[in-house]
Amino acid sequence: MKFKIALYQSEEGFSVCVPSLPGCWSQGATETEAIANITDAIREYLVTEIDLADGAEIREIEVAV
């Protein structure tokens, strides 16, 4: 899967979020570290979403933008 991320640079390093996954944020001292950390955060986010959907019928839909 591919996700768009938003990187924010500050004096402390980089913050990064995934706009399509509300609340999915991470950070790192470098851009590379921040991207590695958000990759882990995305995996954990998706696992949690799957667990929350236990027992639900899951479907994919296509939305034109």
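Nothing in this text is a laboratory measurement; each read-out follows from the coordinates by a stated rule. Bear in mind the structure is a predicted one, so any value in this text is a computation, not a measurement. Counting neighbours? That spans all protein chains shown, and the Cβs are built from the backbone with ideal geometry, glycine included.
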| message | Using only the alpha-carbon atoms, how far is helix 31-52 inclined from the longest principal axis of the chain? Give it as 0 to 90 degrees, nearest 10. | response | 20
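Hey, with R₀ at 35 Å, roughly what FRET efficiency would S15 and A56 work out to, going by the Cβ-Cβ distance, to 0.05? List each step's numbers first, then the result.
Details: r = 32 Å, r/R0 = 0.92.
Efficiency, rounded to the nearest 0.05: 0.65.
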| field | Which label in (i) 4.4; (ii) 5.3; (iii) 5.9 gives the computed mean projected area of the Cα convex hull in nm² | value | (ii)
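Can you compute the charge dipole magnitude of the chain about its Cα centre, using +1 on each Lys and Arg Cβ and -1 on each Asp and Glu Cβ, nothing else charged? Give it in debye, rounded to the nearest 20.
On the way: 4 positive and 12 negative charges, 44 e Å.
Here the size comes out at about 220 debye.
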| request: In nm, give the distance between the simple-model label positions of L7 and I35, each being 7 Å from the Cα along the Cα-to-Cβ direction. | output: 0.6
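If you take every residue apart from S20 with its C-beta less than 14 Å away from the C-beta of S20, what net charge results, scoring Lys and Arg +1 and Asp and Glu -1? List each step's numbers first, then the result.
Numbers: positive: K2, K4; negative: E49.
With Lys, Arg at +1 and Asp, Glu at -1, the neighbours total +1.
Per-residue ellipticity at 222 nm for the chain, helices alone: DSSP H runs ≥ 4 residues times -39500 (n - 2.57), over residue total, nearest 500 deg cm²/dmol?
-12000 deg cm²/dmol
With a 10 Å radius around each residue's Cβ, average the other Cβ atoms per peptide and rank 53-65, 22-34, highest first.
Values: 53-65: 5.2, 22-34: 14.3.
Result, highest mean Cβ count within 10 Å first: 22-34, 53-65.
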